[in-house]
Amino acid sequence: MIIDNGYVNTLIGKDIDIVGEIIRMKKEKNAVIIGHYYQRDDIQAISDYVGDSLALAQFAAKTDADIIVSCGVNFMAETAKILSPSKKVLVPDANAGCSLADSCNAKDLKRLKDENPGHIVISYANTTADVKALTDVVVTSSNACGIVESFPEDQPIIFVPDKNLGSYINRLTGRNMKLWNGSCFVHENFSVEKLVELKNKYPEAEVLAHPECKSEILELADNVGSTKALLDYSVKSDCGQFIVVTEPSILYEMKKSCPNKKFIPAVSSTNCGECHYMRMNTLEKVYNCLKHENPEVVIEDELCEKAVKPINRMLEISKNIGLIK
Ligand code: 13P
Ligand code: SF4
């Protein structure tokens, strides 16, 4: 749960140096700012650490800061709080939700579990703390296939909530996980037709796609992976042009890492391809949240204790299979 006392949009005087003040308050309060690759450029630029969901969770587990300002969406801030319950976790805007996390509630998941005895539940990190508390192991797009494969082939599995990521894992691992019917409104709507047009226009370009995309898109991709994996691939590849089928804010880091390469954002059939939840966060809101120490993530101890187990199991298995150190 996020407690918001309403300072989010407090007006800031024109004479205030927002970036300078953020840096000053960070030092004064022993705070760190963690930012996802889908954050606006200016937020990525002032973040102490920028990463994908898995890396942000790892960072939150290890930091010795007193305050973590989580610039991403709410499930990322909740994960930080679950892993660091003694720390104050703040978010710039309490309304930064996620269509995947919203698609799966604990009551319906409990019913599905009861109807399917013997199944374990594997949840994508894009879920609420309540759903994580009903989960055996959490995964992110960085480690999902490896973690699923760490279970015996005949282990029945319920996978929530992303049906696109779930069917991608099923195809890759040969498993037959029972899938929840959730999806990300951003990735679900990338247009196959427009992608084919872009491929024809840039025949040399490689296609990079996030596994939250539909299978028709993934079939056209040269590389499928988490935000970090796509970024790493673009750095290592000999190719000089990429069509990027994920939230376009990642282009900031891609262009920074490879200034001589060309990155072409894919086109959505319904919107601009942007995640409006991720873009709710602004520098002004980061300033206000550090100043007023609000909105704050609050999770009851009992829920935290239940939800931390499947996250720790994810970190443990990821270490065992060599995905993280
Ligand atoms: P990553 O784990 O790849 O960073 O993805 C998070 C996300 O929300 C993608 O839409
Ligand atoms: Fe959620 Fe999709 Fe936004 Fe990622 S891009 S935070 S999955 S709504």
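The values are calculated or read from the model by the stated rules, or taken from the named source; none is laboratory data. Predicted, not measured: the structure shown is a model, and the values here were computed from it. Methodologically, a virtual Cβ is constructed for each residue, glycine included, from the backbone with ideal geometry; neighbour enumeration extends over all protein chains shown. The accessibility values were calculated without ligands, DNA or RNA, using every heavy atom of the protein model including side chains. Shrake-Rupley method; radii C 1.70, N 1.55, O 1.52, S 1.80 Å.
What to note about this one:
- For the stretch 127-177, the equivalent ellipsoid built from the Cα gyration tensor has semi-axes of 18, 12, 10 Å, listed from largest to smallest.
- For the pair the stretch 217-235 and the stretch 108-173, the centres of their Cα atoms are 22 angstrom apart.
- Placing unit charges on the Cβ atoms only, positive for Lys and Arg and negative for Asp and Glu, gives the chain a dipole magnitude near 340 debye about its Cα centre.
- Cα gyration tensor, the stretch 54-133 - rounded (a/c under 1.5), prolate or oblate: prolate
- Whichever aspartates and glutamates have a C-alpha closer than 18 Å to that of LYS325, once near sequence neighbours (fewer than 8 apart) are set aside: ASP52, ASP232, GLU316
- Surface calculation, 1.4 Å probe, protein heavy atoms: MET280 sits at approximately 50 Å² accessible.
- Nonpolar atom fraction for the stretch 6-93, defined as the carbon and sulfur part of the 1.4 Å probe accessible area, stands at 50 percent.
- Solvent-accessible area of LYS194 with every protein chain in place, 1.4 Å probe, in Å² to the nearest 10: 80 Å²
- For VAL148, the shell of other residues with beta-carbons less than 12 Å away shows a net charge of -1, using +1 for Lys and Arg and -1 for Asp and Glu.
- Inter-label distance, nm, simple model (7 Å from Cα along the C-beta direction), CYS272/SER257: 2.4 nm
- Count, lysine Cα pairs under 27 Å in the stretch 59-178, 8 or more residues apart or across chains: 23
- Solvent-accessible surface ranking, highest first, for TYR124, TYR49, TYR202 at 1.4 angstrom: TYR49, TYR202, TYR124
- Just so you know, the averaged projected area of the alpha carbon convex hull for the stretch 203-308 sits at 9.9 nm².
- Under 26 Å between alpha carbons - lysine pairs in the stretch 227-312 that sit 8 or more apart or on different chains: 13
- Accessible area per residue in Å² at 1.4 Å probe, computed on the stretch 1-124: 44 Å²
- For the chain, the C-alpha radius of gyration divided by 2.2 N^0.38 Å, with N the number of residues, is 0.99.
- Whole-Å distance, taken between Cα centres, linking the stretch 277-295 and the stretch 65-89: 14 Å
- A helix-only calculation puts the chain at -11500 deg cm²/dmol for mean residue ellipticity at 222 nm, using -39500 (n - 2.57) for each DSSP H run of at least four residues, averaged over all residues.
- For the stretch 188-255, the solvent-accessible area works out to 42 Å² per residue, with a probe of 1.4 Å and every protein chain left in place.
- The stretch 172-266, accessible surface, carbon-and-sulfur percent (1.4 angstrom probe): 45 percent
- Across the stretch 1-124, Cα-Cα distances exceeding 27 Å account for 27% of all pairs.
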